[in-house]
Structure formats: C-alpha cells, structure tokens
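The values are calculated or read from the model by the stated rules, or taken from the named source; none is laboratory data. The structure displayed is predicted, hence computed values, not measured ones. Note that we place each Cβ from the backbone using ideal geometry, even for glycine, and neighbour counts take in every protein chain shown. Just the protein is used for accessible areas: all its heavy atoms, side chains included, with ligands, DNA and RNA removed. Shrake-Rupley method; radii C 1.70, N 1.55, O 1.52, S 1.80 Å.
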Amino acid sequence: MMHKCPEQLAAVRKRARARQNHARPRILVGAATCGLASGAGPVLEALRAAAATGAEEMEITETGCNGACYLEPIVEAVLPGKTRVMYGHVKPGDAPMIIQATVNGTVYEERALCRVDADEILLEDVVAPYRRNGLDAALERIVARDAHPFFRSQRHIAMRNCGVIDPASLEEYVARGGYAGAAKALLEMRPESIIEAIKRSGLRGRGGGGFPTGRKWEACRKAPGEPKYVICNADEGDPGAYMDRAIIEGDPHSIIEGMIIGSYAIGAHLGYIYVRQEYPLAVRRLRLALQQAEEAGFLGTDIFGSGHEFTIQINRGAGAFVCGESTALMASLEGRVGEPRAKYIHTVEFGLWNKPSCLNNVETWNNVPAIIQRGADWYAGIGTTGSKGTKVFSLVGSAKRAGLVEVPMGVSLREVVEEIGGGVTEGRTLKAIQTGGPSGGCIPATLLDVPVDYESLGALGSMMGSGGLVVMDNRTCMVDVARYFTAFLKEESCGKCVPCREGSAHMLDVLTRICEGAGRAEDIPLLEELSVVMTDGSLCALGGSAPNPVLSTLKYFRNEYQAHIDEHRCPAGVCKALLTYRIVAEDCSGCDACVDACPSGAISGDYSEAHVIDESLCARCGLCVPACPQGAIILQ
Amino acid sequence: MHQMNPVNFSINGRPMRAAPGETVLSVARRNDIPIPTLCHHEALTSQGSCRLCVVEVSWGDRSKLVTSCIYTPYEEDRIETDTPRVRTLRRLVIELLLARCPNVDVLQRLGWEYGVKPGRLAPEDGRGKERCILCGLCVRVCDEVVGQHAIGYEGRGVERRITTPFNDHAAACIGCGACVYVCPTSALHYEDVENVRIMKEFQTRVELAQCRQCGRRYAPAVLIEKVTRCAQTKEDDRHLCPACRRRTFAERMSAWMQKQLPDARANGDRLDVTTRAGG
Amino acid sequence: MSAGETVSIAADTPRLEAVLQRYRRVPASLISVLEDLNEEFRYLPRPVLEHVSMALNVPLNQIYHVATFYKVFNLAPQGKHTICVCEGTACHVKGAGAIMEKLQEQLRVSEGGTTEDGQFTLRSVRCLGCCALAPAVMVDHDVHGELQLDETARLLSRYADRPDDA
C-alpha cells in the first residue's frame, strides 16, 4: 500500500480507527523490555491460552510501556463502549479471570489499578470517551486514571502512544494521527516555516545539552555543502535513564516521522539512527517500523507526492558511552572508534563525512510531529519561559513508584519525587536526587523545591541531561555514589586526551581510598584540583563534565567525605571496609542460623550460646543480618 | 575551512595575521612565541590530545581555553599564551603525565618549569613505569607519512596502549624507524642484530638486506623496496649500504673528473672541485 | 560454538561472506560487519578480522583498535550464554555489586571470564534501561528484573545444559 497523497492517509486512518473502536474487546499487554523483564511473556501466553478457550472473539496484542514500570507486568483491557481497565502485577494465573471479566464487560478487581474513561488522541486534539453505557458497580469502584497518584499530574506528549498502540502496527500509529504531521509539513509548509515553527515552539534538545532545536536546524539548513544528514542519537547512555528505549519500543514511528519532517526542513536525503545494541528489542522494533514506513511510501522517493526524497539507515552502537557525544557518534557512523574531536567547527557545518549534519536525540525527534500538528504556540504554552513542553524523566532508585514520568517543564522536583513517585521506600528518608546521569550531580533533599528545567538544575551544579532522576535515601553513601560515577567515566573514557584519561583514573584512586578508610586530609583539595584539569582541559563534554558528581557531592555532602576521612566512618553504612557487623550477645539465641548463612565462615559459637563474628574473616556481605531470627546482628 | 581570508587577531597583545585555516600554534611558532606541545608535529594531522598547547582566547568580555594546535582564530580574537589559568592547566596536565611516566626527562623539565609538586599522584596499581604518553605521533607517522598502518591503538581509557594488531609481529612493518624517530619521550627503540631489525616494543622483526659490495646488513629489505618504489633510486645503488654508496659515488665522480681534467687544462680553465660525497 | 573451538577461515568463508555481502563491502560499515560477525561466531577470531581487513580495504591496525575499543566485541571465545549484570545507577544503588559477587562465586569466574565448561560468560553492562526493576541481569537477550540474591542459582539452572544433554 502506498500513501502517496494525504487523502489516502486519511482513508487508512479512518479504516484503522474503525477497526480499533469495533465492538470486540481488546487486551493489551505491556511487552517492552521492562514488562518482559517482569514476566510479561508468560502472562501474554496465558492470556492467549485463556482467550482461546472462550467463544468470544478477542484481540490480544503487545504494547509498549506506559511508564508505570513499578506495576509491571501491566495489562489493559478495553471494554467496548465502557472503559479501559488497567491491571498491574499480573501473574499468568490471573489470565482466566481477566479474560472472563473482559468478556463480561466488567473488571477483575484483584489486580485492577485504575480505569481510563477516554482515549486522548493528542495529535488531533481529540478526547474520545469510551463510555457510552453505564458501568457496573465493580467498575465504578475502580479509581479513574486521572485520580491515580502516579498518573494524575502527568502530561503525555512524548509518550502519547506508549502503552496504547501495538508498536509493531503502522496502522495503529496512523490511526492516532501518525504521519499526518509529516504530510502537513511536506505538502503545506515550506522548510523555512517548519524551522520557524520549531524555533517558536521553544523545543530544546532532550539529550542533555538543551540546545534550541530550531536554531540547530536552521544552522544546518544554511550551512554550505551537500549532501546533508539528519541523525537520531538513540545511544541512550546515561545509567538510570531509559525513556528513549521506552519511546523506541513503544512508538518507533514517531521518531521516523520526526526525522522525515526534519530532513525536509533541513534539506537532507539520508538519515541515520544510531541505537544501542544493548537494546535488542528496540533495534528489532525500529527495523520493523522502517520497513513498514518504506513499504507505505513514507520513506523513499517522492514522499506524499511532495518530491522530497528521504531514507533512513540503522546503525547499532557497539558499547561505548562516549558515542553519545555527537562527534564521537559520527566517527562511529563512519566505521571508526568513537573518539570525539574538538568542536571549534560545529557539526551542523562539518559533521558526518565533514558534511552538514543535524543530530537530535530520540525524545527530541519524537516531539516534532506533535509540534507540527498541534502548532508551535500550543507547545510553547506548556512549560516555563526558558524550557518549553514536557520532559520524560526516569524516576528510579528508591522511589516507591518507579517508572517513566512525563511532566511539564518547571514542575518541582518535590512534586515528581513525592507526589508521583510516592517518596522513598518505607522506613527510609530521602537524601538526594541524582539528575543528569554521569555528567550531572546530586541535589540534596533540602533543595527539593527546585523546578525541573534546564536553567534551574544547571544553577545547582547538576543538569537536566537526558532526564534520569535517581532517588537516593539515607542508605546511599554519597562518596560511594561519586566513586561509582567516576569508575563509570574512567571505564568509558576514550583515552584520547590526557585530562580525562589520566585524571579520571587518579580521581577514582582517591575516591576508592576514601571509601576504604584510607583517605587523607589533602584528598579533598586534590579532588578539587583534578576537577579543574578535567573540566578545563578535556577535549570533549564527557571529560569536561566528568567531575560534576564529585563536585556536587563535595558541595552538598562534604561532611560525609569528612566522616570517611577523619573518623573512618561511612554514615550511610555502605562502604564495606568501614563497616563492622556485631552480634549483640544478649539478643543472640545461639541458633546457628547466621553460621549457615555466612559464606566466609566468620561466625562461630557453641549451639545456644552467644555467637561472635571474626572481623578478620568477615567479608561484610551482610547475609547474616536477615538470617538472624532474633535481629541480633547489628551494623556499626 | 570556515574562513576564506586572512584573519587579524592578537597574541599576547601583538597584532598577528593568520593565513586562512592556519592555527594559533602555527602563527605563534612563526613569531617565536613559545607554546609547549607533546603531540604535535608539522608533518602530521593535529589531534589536540596532550592539552599542553592550550591558550586563553578572549573576545568581548568572555574568555575560554582553546587548543592552539587545532584552533583557527576568528577575527579580533585576543589570545594569551601564559595566563594563570593556562599555567594551572598545564601544570596539572604535566603532573598527570609525570605520574604516568616519572622517568621521562622531557616531562621532568616541563614539571620543573611549571612548578609541579612531586609525588602527590603516586599511582597505587603499578602505573608509573611507562615511558609512553600516548601522544600518538608514532601511529600517525606510520599511517600518514609511511603509509604502512603497522601500529595502532588497543583498548580505551587508561588501559589504552600503542601496539601492533593482536600484540603480535606486525607483517605491515617495514622497519623504517619513523615511529622511533618521532617519539618525544624515547619510549620506542629498535636494534639491528645480525640479519634482523628488532622493533623492540612491537614484537616485530624485519629482515635486513645485505650490501652487494661489502656484505654488511644495512637496512630492512622491505624498506628498500618501498623507497625504491617511491623515490626511484638508481637500480645499481639501492642494494648498497650508505658507506659503499658514498664510495661508489666518489669513485664515479673521480672517474668523471679524470676524464674532464685534461680537457679543462687544455682550455686553461680552473676546475673547482669540492669533494662533497653524496649518497 | 563453544569455548576453545577455533575458526578456520576456509570452512567459515560462506558465513563470513554472507555478512560482508549484507553490507556490500562498504568500508564505513566496519562496525556493523564486526557486530554481525561477533554474533555469528560469538567472538571475533583473528583470521576473521584479517579477512575483513582485506575485504573492506581497512587497515588491520584500525580494525584492531575498533575491536578492542567497543565493549560488545570479544577477541576470545565466549560461553554458550552471556550473562550481563547491569551496572546502571539504579542497579548499583540496589545491590548489583552483590549480585555480581554472587554470580562470580557460583560460576567460579571473574568478571569478563568464561566458565570452564564453556556454558557462561559473565560480564557487566552499562545500563539495560530497566532501572525501575533494579537490579537487572540480562542472559543472552532476556532481561530479568528485581533479581534477588537467592534467585541467581535458579536463574543459572534455567540456562545451563542438563548433564544428560551436554
């Protein structure tokens, strides 16, 4: 099928939408990597098996991740004419009950989380209520999604299709307004007016730097030289951030559509998607989507009859964090090692193969079709003065409700962490939020009212980065966190320039000895000097921002460093070398449970007598603590 | 590159003019302004990796550090080559390199010049016996000038090393020794032992050719082949060692003079012959 | 292909050529070619790299750098199954270190090593993007989330060959 003109696209959309709103019930299983990791595969099989036994015809499809990863495996059941019910923590054993309830047009309350009463088609500004008939009492009892604490203050633009459509179906993407933005851009807009719209929308790069997207496009369009390239950076590297994976796995066509619009605006005919090979499902989904788009004529020659020609090639990143840096990524696309070069000459002028190249990340490209369809002013109306639109954050670590959260720019960190995330794990207290990945920093709990936007996070010595928010509680040692990120960066340094290569190794040496109780008084000034040489002297942003985790923890948690160095104490109880496990003699029943649990044979004592731990043998693994029925083993 | 015309700017307050595409380092060197470098060589592509050549550039009321071996100035840039910020960075870079290579005299001299406090960064895991600072000049000379691609990098980060593929004998090596010659820290060596040249750091042995006159092993056979192909040496001369070639040349010269001399005498000319033996 | 087996270029030329053809022998496709070969042979044998160097006309020193620079490439034979322990921030905070130690103990290998029977290779990986399900471990292409310390043995037994079909 070739959609050469928009009328045809509209016809497909109508057909697909009719098929989607038919009378048959439909079950969606969240089968992104996070869903599969929590057992969505067997759930899907069980649902299919259970549905096969019934007489009622039912459609069971995979979908992406709607962000509520803490509830995985997630299953949604569309009850025609009524509502959509979301189930969480579904086990294969729940399948018959869910199928039965769905057939009966009601809910299996045991696993029900909330119900969605209307389907929002964001790109067309349509909210279509499912509900045409009354709901039964059981359905009425289920909380509406708009009132669910995890969802109520979220605003899904980038994740508009995640967890809603079958990512393997082009038709479903089209049914929700997909590719209409590309058709509009290519047939009704001039390249300059597209760039103008992107500029006016205030969209900024979602990958870390936050550079205004429209200005980047304009510079690339104006740069002399042919051919030009558009590139999608899907080498999502920040540990703790995974929104790009979720968007690719849940809505791959949105990225392709964004790139089609961008290629037309910039004047490029070849695009690259550089995707991490550690995301095998994302690679598969992208490949399928590309093939579908090619078959449909959305890629290739004379797209929509506009005369514009554009194709996309997928390259897999081979496991190097530094390739998230644009010049390193381009070197990698050229088949070379991912070593950055100085950016005195910008990649929009001399990029891939020394030609003008426009690189944006997944979430940035994914926002483009929404801006084109809903208009720049609509997008600019969301967010703050300097940071427009929404941003997807991955709220992870010790957040109670961990997952992907999309909120308007400028909401406070408190709202994200406490209201959406539900605060930290029971019995613990919030200590810090790590934002921006290895190039970012740790924001202490006392500054939780900071609005999340590019400027505010930067002012605190952290950064937006790609949107990782790792929640840390009182059981997280900030020196250990600094050591962790430094170890990461040392491992990922390409080794080309001296400050990053040698500096990160020395920084790690210093942090390691502090964590091992061998820190010296002069170590803190030494860390600060090493930070200077790395910040000022590194060739690229990886090295230049590498000291941020150290500097921000030194700024806000200096006393923890001091405790390690001066008192040989790890206040959070994390740094093993500084811990002592002790059995409180009065509480010990001498049951030997700890002796059995101890892998290093460090615990001894006669049966029913108080036991003792030999500190020289103790590996400080902590396995004895939960093994003790009396709770007699304490950490000092 | 980005500018087509000469650029007017200043270094340390002195007005300068850079040719289109010319770097700050090149302009500074032309004007005898010292800037230290370790990974730069005029004959090779600059990569800006040692970070010693940083200078401070100001425009308007802003300033930043740039790498002079790759930075091409913009109109009205004000470059300073020896500010406190520049000196601090160089001092720390040298300190890092000295921690890696404490026994390299070039670094010791630089350390003294920039006031590096010794011993602060004693590595705890055995790093520090190195002589190689990973400037990559050897790799670039082999790739870009010799064109043999015999040596390269392995790994990344602090584990990065310069070696031959698979750390094994490099079939592509012609034993020319350009890598040894270009190394700023004397980290590379070769030695001729009997009929082979041993590239000591590269597990590579290259056969030496024999001089057809004296029988001495004088240069790698593959190198001679390559030079012949590139430089069109006379067929007879390329299998002679330098000493024999010099002697042969002198003999040829003298034979020619013998022939010329009687005629010259007859003409009453003065023949001024300086015996400049050439190879 | 299990540990210890070597690749004979003559015997494997069709597999090698298939990959080279897939990328039409374009030198810039070097990384894609190596990725496919790394999956095909489960590592990059030296003769394969030497053949690629000639076929793509890319110098061997450059190929060797690429093969040792990127983490997915292996220059030594790998186990039948690859276990990747996620070392993302969320996993680190939630005890990935202990999981790694436990696996090392159970498999009797160190990080990056392959078990004697050639069943498993144990590696760490940057971030699997399953941060809400930390700690996560990927075996081959399956991700397992919220892995508890006492579940590692059962996880391994799901993949290990039973003695009778070894």
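Conditions tested, residue by residue: (1) farther than 26 Å from A:GLY410 by Cα; (2) small (Gly, Ala, Ser); (3) open to solvent by 20 Å² or more (accessible area, probe 1.4 Å).
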residue	(1), (2), (3)
A:ALA101	yes, yes, no
A:ALA112	yes, yes, yes
A:ASP117	yes, no, yes
A:LEU122	no, no, no
A:ASP125	no, no, yes
A:ARG132	yes, no, yes
A:ALA137	yes, yes, yes
A:CYS162	no, no, no
A:ILE165	yes, no, no
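Condition first: among the acidic types (Asp, Glu) and within 14 Å of chain B (Cβ to nearest Cβ). Now tell me which residues in the range A:456-497 satisfy that.
Within the range A:456-497, A:GLU491, A:GLU492 qualify.
Taking A:LYS496 as the residue in question, decide whether it is of a type outside the set (Val, Ile, Thr), crowded, with 21+ Cβ neighbours inside 10 Å and free of Cβ contacts under 8 Å to residues at least 40 places away in the same chain.
no
Could you please find all residues in the range A:409-446 being part of a strand (DSSP E or B) and either within 22 Å of C:GLY88 (Cα to Cα) or β-branched (Val, Ile, Thr) (or both)?
Residues satisfying the conditions are A:VAL424, A:LEU430, A:LYS431, A:ALA432, A:ILE433, A:GLN434, A:THR435, A:GLY441, A:CYS442, A:ILE443, A:PRO444.
Determine if the range A:80-103 includes at least one residue that is assigned by TED's automatic domain parsing to the domain that holds A:GLY134, part of a helix (DSSP H, G or I) and closer than 17 Å to A:GLY163 by Cβ.
Yes, there is a match, as at least one residue in the range A:80-103 is assigned by TED's automatic domain parsing to the domain that holds A:GLY134, part of a helix (DSSP H, G or I) and closer than 17 Å to A:GLY163 by Cβ.
Would you point out the residue of the range B:223-241, among those that are assigned to a helix (DSSP H, G or I) and open to solvent by less than 60 Å² (accessible area, probe 1.4 Å), that is modelled with the lowest pLDDT?
B:THR228
How about the range A:539-636: which helices (runs of 4 or more DSSP H) wholly inside it have at least 1 residues that are within 14 Å of chain B (Cβ to nearest Cβ) and closer than 30 Å to A:GLY503 by Cα?
Result: A:541-545.
Yes/no per residue for (1) out of contact with any His (no Cβ under 8 Å at 6 or more places or on another chain); (2) under 30 Å from B:CYS173 (Cα atoms); (3) within 14 Å of chain B (Cβ to nearest Cβ); (4) open to solvent by 10 Å² or more (accessible area, probe 1.4 Å):
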residue: C:HIS51; (1), (2), (3), (4): yes, yes, yes, yes
residue: C:ALA55; (1), (2), (3), (4): yes, yes, no, yes
residue: C:LEU60; (1), (2), (3), (4): no, yes, yes, yes
residue: C:CYS84; (1), (2), (3), (4): yes, no, no, yes
residue: C:VAL109; (1), (2), (3), (4): yes, no, no, yes
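So which residues in the range A:446-455 are over 12 Å from A:LYS391 (Cβ atoms) and either within 14 Å of chain C (Cβ to nearest Cβ) or open to solvent by less than 30 Å² (accessible area, probe 1.4 Å) (or both), if there are any at all?
Listed by number, the residues that qualify are A:LEU448, A:VAL450.
Could you check, for the range A:340-350, whether at least one of its residues is of a type outside the set (A, V, I, L, M) and either under 21 Å from the mean Cα position of the chain (by Cα) or assigned by TED's automatic domain parsing to the domain that holds A:MET464 (or both)?
no
When you look at A:CYS500, is it touching an Asp or Glu at 6+ places or on another chain (Cβ under 6 Å) and either within 14 Å of chain B (Cβ to nearest Cβ) or assigned to a helix (DSSP H, G or I) (or both), yes or no?
The answer is no for A:CYS500.
Yes or no, residue by residue, for (1) within 14 Å of chain C (Cβ to nearest Cβ); (2) open to solvent by 10 Å² or more (accessible area, probe 1.4 Å); (3) assigned to a helix (DSSP H, G or I):
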{"residue": "A:ALA331", "(1), (2), (3)": "yes, no, yes"}
{"residue": "A:GLU339", "(1), (2), (3)": "yes, yes, no"}
{"residue": "A:TYR344", "(1), (2), (3)": "no, yes, no"}
{"residue": "A:ILE372", "(1), (2), (3)": "no, no, yes"}
{"residue": "A:ASP377", "(1), (2), (3)": "no, yes, yes"}
{"residue": "A:THR385", "(1), (2), (3)": "no, yes, no"}
{"residue": "A:LYS391", "(1), (2), (3)": "no, no, no"}
{"residue": "A:VAL407", "(1), (2), (3)": "no, no, no"}
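Please pick out the residue among C:ALA76, C:ALA153 that is of a type in the set (Gly, Ala, Ser), open to solvent by 40 Å² or more (accessible area, probe 1.4 Å), in contact (Cβ under 8 Å) with a residue 12 or more places away in the chain and within 14 Å of chain B (Cβ to nearest Cβ).
After applying the criteria, what remains is C:ALA76.
Provide a single number: the residues in the range B:160-188 that are open to solvent by less than 20 Å² (accessible area, probe 1.4 Å) and under 10 Å from B:ILE133 (Cα atoms).
Qualifying residue count, the range B:160-188: 2.
Would you list the strands (runs of 3 or more DSSP E) that sit entirely within the range B:1-80 and hold 3 or more residues that are touching a helix residue (DSSP H, G or I) at 6+ places or on another chain (Cβ under 7 Å)?
B:54-59
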